[in-house]
């Protein structure tokens, strides 16, 4: 299985910063040129897809967001097709289909067919992770799956049979509780924890908060979320 790498962190950090400065376009062009030079190579396609993902928060108009979302999903799909055990690509695709950032701390939940596709990718990730040396970020597919299932139940969208939110959160809690060693990517990886924390109450909210506090201790979005009162 292809894990997250230091190179992935560097790409995400570089493009995220460029986006904040309004300079994402020329950076994306470099990755796009390499991708078009060898589109069948996942080692060329994934950096481009990851760069597109990192640049999404800097997109402003609805038309551009729709186009960027479609392009990113398409390239991530090419990576997954060429390398089915590419953890970051499959997770990024599931995350885009389930949690699309409208800013660095606010997320719009998809409630249409994208949820079922996200659930399918997350089921694959959970299966691929089983029996592998555990990594702290392996908790992310479980928590994102819990958010997807909750969103599907609220909207009446079928996503297939599977464990419930409490069971998924317990599986995440059973993994190593050490900080995820990627600060830039951590801003993306912490999203489902925040979404679950904000929509939960009681013991589930407490556990989601404990997990994100432990896994992402330096993320500003996590600190803000922990300071919010639960929705009554």
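The values are calculated or read from the model by the stated rules, or taken from the named source; none is laboratory data. Only a predicted model underlies this, so the values are computations on that prediction, with no experimental measurement involved. Ideal geometry is used to build each Cβ from the backbone, glycine not excepted, and the neighbour counts take in all protein chains shown.
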Note to self: Considering only residues that are touching a helix residue (DSSP H, G or I) at 6+ places or on another chain (Cβ under 8 Å) and not in a helix (DSSP H, G or I), which ones fall in region 6-40?
What the structure shows: 22, 38, 39, 40
Next item on the list: Could you list all residues from region 53-68 that are surrounded by 13 or more Cβ atoms within 10 Å (Cβ to Cβ) and out of contact with any strand residue (DSSP E or B) (no Cβ under 7 Å at 6 or more places or on another chain)?
Entry: 53, 54, 55, 58, 59, 65, 68
Item checked: Extreme residue, modelled with the lowest pLDDT, among residues of region 180-207 that are in a loop (DSSP other than H, G, I, E, B) and loosely packed, with under 14 Cβ neighbours inside 10 Å -> 201
Notebook entry, point to check: Which condition does residue 49 not pass, out of (1) at pLDDT below 95; (2) surrounded by 20 or more Cβ atoms within 10 Å (Cβ to Cβ), if it passes all the others?
Noted result: (1)
Next item on the list: Filter region 96-145 for residues that are under 13 Å from the mean Cα position of the chain (by Cα) and at pLDDT 95 or above and give the result.
Entry: 121, 122, 125, 137, 138, 139, 140, 141, 142, 143, 144, 145
Margin query: One residue is enough: does region 85-94 have a residue meeting the conditions in a loop (DSSP other than H, G, I, E, B) and either within 25 Å of residue 196 (Cβ to Cβ) or at pLDDT 95 or above (or both)?
Written below: yes
